[in-house]
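First up is the structure itself, then whatever we jot down about it.
Where a number appears in this text, it was derived from the coordinates with a stated rule and is not lab data. Note that the structure is a prediction, hence the values are computed from the model and not measured. Because the Cβ atoms are built from the backbone with ideal geometry, glycine has one as well, and the counts that use them run over all protein chains shown.
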């Protein structure tokens, strides 16, 4: 990194330091959710949601329909690492479930389905 | 702020097919252009704790007091009629962001190494990375206006990639061209997978 790089406005980052909303935690409470793992609200409410912060509630509201972690971070305009910690909290409380994404280059069916999809574009 | 309702039965839904392809290459080679030609591009930023992630990877000598670093990336999403979803992630170009690559590459179907024939050396590190990780990849030489046109064999020789790695020319601004590159990358992953299964 060059020392004379200038970060202005958005580039300089938010006014609230990013990990303030996670109370300083940079790691989720359980297993880390993958970049394209799909998060979906478990449909529970009230009791388990007590004590959640506004960002928790924002994310919970967004994953009423299944949402990949990267989409959540992009649409909530929060850093990925922060969203991962917050989603971990929601998961721990049973408010969301996380479905791991498909098996990558080792899964022939997945490869075929993406190939067919691309060819039909 | 309106919060959506979150009551929705989800227990019966089949697991979604959600996949990703990485788009790597040097700074300014056209990764964002490529992603934007075939999907809507959206911003993604991460704020990573260097003290945990960057040890031995990030050169922090000039940023001793900075504990976190911001990485801004772009990504795109293609949803197929079948419901399957393909994400395209452009890898952050600068070497100080290497620590992001493992996460991006984990579980990826394939990778595209975008090359600029005027600065081929810029994509060596991407090629090394995918070779070491055994991630199937193709090399796509982005044709810039006024840049010399080489044939694929010459580019392959210059990059010294394995003979089975597809090398093709592309125009990252053209959707059809990008589509061909993505098809080549997944087809290559499938061929490799099948060859591996036969062994």
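Worth pointing out:
- Exposure proxy ranking, count of Cβ atoms within 10 Å, fewest first, for B:177, A:105, B:147: B:147, B:177, A:105
- The range B:18-198 - Kirkwood radius from inverse mean 1/r over Cα pairs (Å): 17.0 Å
- For the range A:13-119: relative contact order, % (alpha-carbon pairs under 8 angstrom, 6 or more apart): 38 percent
- One chain, two ends: residue A:44 and residue A:120. Fully extended at 0.36 nm per residue, the span grows by 23.5 nm beyond their Cα-Cα distance.
- Extension gain for residue B:80-residue B:103 works out to 5.9 nm (0.36 nm per residue, less the C-alpha to C-alpha distance).
- For the range A:13-119, the fraction of C-alpha pairs more than 24 angstrom apart is 29%.
- Least to most buried among B:171, B:145 (fewest other Cβ within 10 Å first): B:145, B:171
- Euclidean distance between Cα centres, the range A:39-110 to the range B:110-170, Å: 36 Å
- Between residue B:145 and residue B:42, the simple label model (points 7 Å from Cα in the Cβ direction) yields a spacing of 3.2 nm.
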